Amino acid sequence: KLNQLNNALATAENVYADAQPADDEIQAWIRRRRSGSAAPTLGNWHQIGPFQGDGVDQTFEKKFGPEKEKQIDLARKYGKLTWKEQADWQDGSVINFAYAGAGDTTYLYRKIQASEPTELDLSLGSDDTITVWINRKQILKNKAARGAAPDQEKLSVALVAGENHLLIKVCNNSGPSGFYFKAGDDTLPKELQ
């Protein structure tokens, strides 16, 4: 049955691709479906914080320990703060932190294993500000004031073959703090729904 469904899907994709020129979003979806390569493997989340700040304006720009390192060392301590593995965190759900001080900064880290160089679509949300690095290269910096929700930030990250390192910094302004993360996007583009 699964083979029949995959064959039917491939036939439909070919018919659609040949029937009309598709826009970039549809073409990207078709390429992802046809590539057949293994999807990247996401490791467990690790969290460290809160690093105490003096309001969001100061802590958004301040570089705390993990941000200064050339390589994340999950055994390293920063004062009394240590990395904690969060194996129970579910991607696709808003994760709230257990504290909510103004200016508190949390770092989130996970390894992503890719069998070949590829692009990975990400959907992110944050309460409040968010900064994102992949393999130590900053790819997003948004001084937002909001509650965490899906699709507040959508981006595609370039992964190298082998191990990739994702680091996210969330700085709280007031009230609760947290983040949202979902990787990959197999949903049909609106034009195909």
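The values are calculated or read from the model by the stated rules, or taken from the named source; none is laboratory data. What you see is a predicted model; the values in this text were computed from it and never measured. Accessible surface is based on the protein model in full, side chains and every heavy atom, while ligands, DNA and RNA are left aside. Shrake-Rupley method; radii C 1.70, N 1.55, O 1.52, S 1.80 Å.
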Hey, can you grab everything whose amide H is under 5 Å from the amide H of Asp128? Only 5+ residues off in sequence or another chain; H modelled, so Pro and N-termini drop out. Cys171, Asn172, Asn173, Gly178
With a probe of 1.4 Å, find how much accessible area region 58-143 has per residue, and write the answer as a whole number in Å². 53 Å²
In straight Cα distance, which lysines are under 22 Å from Lys77, not counting same-chain residues fewer than 8 positions off? Lys62, Lys63, Lys68, Lys111, Lys169
Integer Hz, Karplus 6.51/-1.76/1.60 couplings in order for region 168-175, x for Gly and Pro: 10, 10, 10, 10, 7, 9, 7, x
Using amide H atoms built 1.01 Å from N in the peptide plane, name the residues 5+ places from Thr82, or on other chains, whose amide H lies under 5 Å from its own. Gly49
Carbon and sulfur atoms account, in whole percent of the 1.4 Å probe accessible area of region 46-145, for 45 percent
For a quick size check, give me the Cα extents of region 75-119 along its three principal axes, largest first, whole Å. 40, 27, 21
For region 101-193, what is Rg from Cα atoms divided by 2.2 N^0.38 Å, rounded to two decimals? 1.16
Space enclosed by the convex hull of the alpha-carbon atoms of region 37-193, per residue, Å³: 118 Å³
Calculate the length of the line joining the C-alpha centroid of region 41-73 to that of region 113-167, in whole Å. 14 Å
